[in-house]
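Accompanying notes for the structure given below.
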Amino acid sequence: MPAPRLRSRSLRKLFRKVPGGSTHIHYKRRKPKPAHCSGCGAVLKGIPRERPYKMRSMAKTKKRPERPYGGMLCSRCMRLEMIKRAIK
């Protein structure tokens, strides 16, 4: 039976074949849900689904796209926002 700290449904079970030939279970935390656009709610592309401790060690350019509203709006909503601001 696994250790009490590993008896959680929130942990992902990864079945790994070890060098000895047997299969062992490795427990990992699940990945968070993908980031969503604040305008339309679509899943944002170019943003990794990683746990906060991994996101902290990533470079800023790896965390979000290099464009206006990158990481907040999808490219479609960004274009609409730019057009709206240009008309005003």
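For residue 65, indicate whether it is over 23 Å from the mean Cα position of the chain (by Cα), part of a loop (DSSP other than H, G, I, E, B) and not polar (S, T, N, Q).
no
Regarding residue 50, is this residue loosely packed, with under 12 Cβ neighbours inside 10 Å and of a type in the set (Asp, Glu)?
No; evaluated as a whole, the condition is false for this residue.
If I filter segment 4-23 for residues that are over 18 Å from the mean Cα position of the chain (by Cα), surrounded by 11 or more Cβ atoms within 10 Å (Cβ to Cβ) and of a type in the set (Ser, Thr, Tyr), do I get at least one hit?
No, segment 4-23 contains no residue that is over 18 Å from the mean Cα position of the chain (by Cα), surrounded by 11 or more Cβ atoms within 10 Å (Cβ to Cβ) and of a type in the set (Ser, Thr, Tyr).
Condition check: in contact with a strand residue (DSSP E or B) (Cβ under 6 Å, 6 or more places away or on another chain) and not in a helix (DSSP H, G or I). Does residue 28 satisfy that?
yes
Within 19 Å of the chain's Cα centre (by Cα) and assigned to a loop (DSSP other than H, G, I, E, B): is that true of residue 70 in this structure?
Yes, satisfied.
Every number in this text was worked out from the coordinates using simple rules, so none of it is lab data. Since the model is a prediction, treat every value here as computed from it, not as a measurement. With ideal geometry, Cβ positions are generated from the backbone for all residues, glycine too; neighbour counts draw on all protein chains shown.
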